[in-house]
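Structure, as structure tokens:
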Amino acid sequence: MTLLLDEIAIATARLAEAGVESPRADAEVIAAHVHGVRRGELHRVPDAGFDPRFWDEIARREAREPLQHITGLTYFRYTELEVGPGVFVPRPETEVMTGWAIGKLQEMDVADPVVADLGTGSGAIALAIAQEVPRARVHAVEADPLARSWARRNIARCAGYAPHTAGRVELHAADFAAALPGLGGAVDLVISNPPYIPVGAVVPPEVAEYDPAGALWGGTDGLDAIRVIEAVARRLLRPDGLVAVEHGAPQGAAVYWVFAEEQGWRDTRNHKDLAGRDRFVTARYLPA
Ligand SMILES: C[S@@+](CC[C@H](N)C(=O)[O-])C[C@H]1O[C@@H](n2cnc3c(N)ncnc32)[C@H](O)[C@@H]1O
């Protein structure tokens with residue numbers, strides 16, 4: 001047993017005590033990050049190589065700073081994204097919605113599909129689509145300047161490890177309500193993970209203190225931004241174009257009706273995430 005494995009066991013107990021959801025995994029990821037090895041190689045770190053900065057980073061996690069802010073990195077489908085203060089950390093549930101969109105774009109009989117990602121944050125959805133749908137042109141819209149600086153960095157970084165994405169994700173500084181005025185009726189797919197938490201809902205410290213407020217709160221019922229996305233999608237989509245919008249688990253029925261009650265939407269459907277909870281709604285725009 002190396003010293004590092006003993007220290008990881010102590011750190012795991014401290015993180016569990018602090019209420020961290022996956023204390024062992026987090027302690028191992030931090031240890032691997034500090035020592036510059038993969039998680040599976042931790043047992044190879046010699047006692048003399050133990051880096052005491054491990055305990056500085058464990059203390060940050062104990063204070064409920066998100067793991068991804070500590071390592072500076074997160075993974076979303078096949079992309080690797082830099083994240084930190086001022087940007088929303090992409091979540092695994094959004095990967096499911098993005099996978100749905102990628103499947104539909106791959107099936108579409110369109111040479112170079114045009115996509116709008118409304119509220120791109122780190123650029124996660126836009127970059128995953130650019131990477132997995134090599135002919136897609138993705139317009140990534142973001143109002144927050146700090147979030148945009150992370151997206152810009154991730155777009156440039158992705159062009160390094162996935163050169164086929166270069167030049168195919170365009171970042172727009174705009175409120176999504178008025179975004180992409182030149183693309184009315186010309187977009188094949190609109191996708192968004194907007195702010196959708198009802199004001200006053202209780203969220204874990206990692207979310208409340210580190211995700212930007214503008215990424216979280218969606219008004220009294222949480223649906224303010226989703227109503228805007230519905231109207232914007234109707235403005236942007238060409239006939240037979242598709243929309244996908246993420247929402248909170250209890251909002252499936254309400255978001256279904258945001259679309260189903262408006263003219264022009266067909267095939268409105270609820271979809272679940274990997275945990276079996278309602279997570280996103282999709283619809284097809286086919287005005288009469
Ligand atoms: C929940 S985060 C999602 C970020 C990213 N798409 C993801 O899934 O990881 C919502 C994003 O929408 C942005 N946003 C919120 N309201 C907006 C608006 N009216 N116009 C443009 N962006 C907005 C926020 O700044 C935030 O980056």
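The values are calculated or read from the model by the stated rules, or taken from the named source; none is laboratory data. Values in this document were obtained by computation on a predicted structure and should not be read as measured data. Cβ placement follows ideal geometry from the backbone for every residue including glycine, while neighbour counts extend to all protein chains displayed. Just so you know, the surface numbers come from the protein's heavy atoms only, side chains and all, with ligands and any DNA or RNA stripped out. Shrake-Rupley method; radii C 1.70, N 1.55, O 1.52, S 1.80 Å.
Things worth noting here:
- Pairs with Cβ under 6 Å, 6+ apart, first in region 87-111 and part of a loop (DSSP other than H, G, I, E, B), second open to solvent by 20 Å² or more (accessible area, probe 1.4 Å): 87/150; 88/215; 89/68
- With respect to the conditions (1) under 15 Å from the mean Cα position of the chain (by Cα); (2) buried (at least 22 other Cβ atoms within 10 Å of the Cβ); (3) without any contact (Cβ under 8 Å) to a residue 40 or more places away in the chain, residue 57 lacks only one, and its number is (1).
- The listed residues are 279, 269, and the only one of them that is in contact (Cβ under 8 Å) with a residue 60 or more places away in the chain and either among the acidic types (Asp, Glu) or in a strand (DSSP E or B) (or both) turns out to be 279.
- In region 14-38, the residues that are farther than 12 Å from residue 57 by Cβ form Cβ pairs under 8 Å with partners that are of a type in the set (Ser, Thr, Tyr), at six or more places apart or across chains, as follows: 23/12; 24/12.
- Sole residue being more than 8 Å from the ligand (Cβ to nearest atom), under 23 Å from residue 258 (Cβ atoms) and not in a strand (DSSP E or B), chosen from 226, 191, 125: 226
- Only residues that are more than 17 Å from the chain's Cα centre (by Cα) and either in a loop (DSSP other than H, G, I, E, B) or without any contact (Cβ under 8 Å) to a residue 24 or more places away in the chain (or both) were counted in region 205-223, giving 5.
- In summary, residue 142 fulfils each of the numbered conditions (1) open to solvent by less than 40 Å² (accessible area, probe 1.4 Å); (2) more than 9 Å from the ligand (Cβ to nearest atom) with the single exception of condition (2).
For every residue, the table says whether it meets (1) in contact with a helix residue (DSSP H, G or I) (Cβ under 6 Å, 6 or more places away or on another chain); (2) hydrophobic (A, V, I, L, M, F, W, C).
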{"site": "5", "(1), (2)": "no, yes"}
{"site": "52", "(1), (2)": "no, no"}
{"site": "77", "(1), (2)": "yes, no"}
{"site": "89", "(1), (2)": "yes, yes"}
{"site": "104", "(1), (2)": "no, no"}
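- Condition check for residue 168: free of Cβ contacts under 8 Å to residues at least 40 places away in the same chain and open to solvent by 40 Å² or more (accessible area, probe 1.4 Å): no
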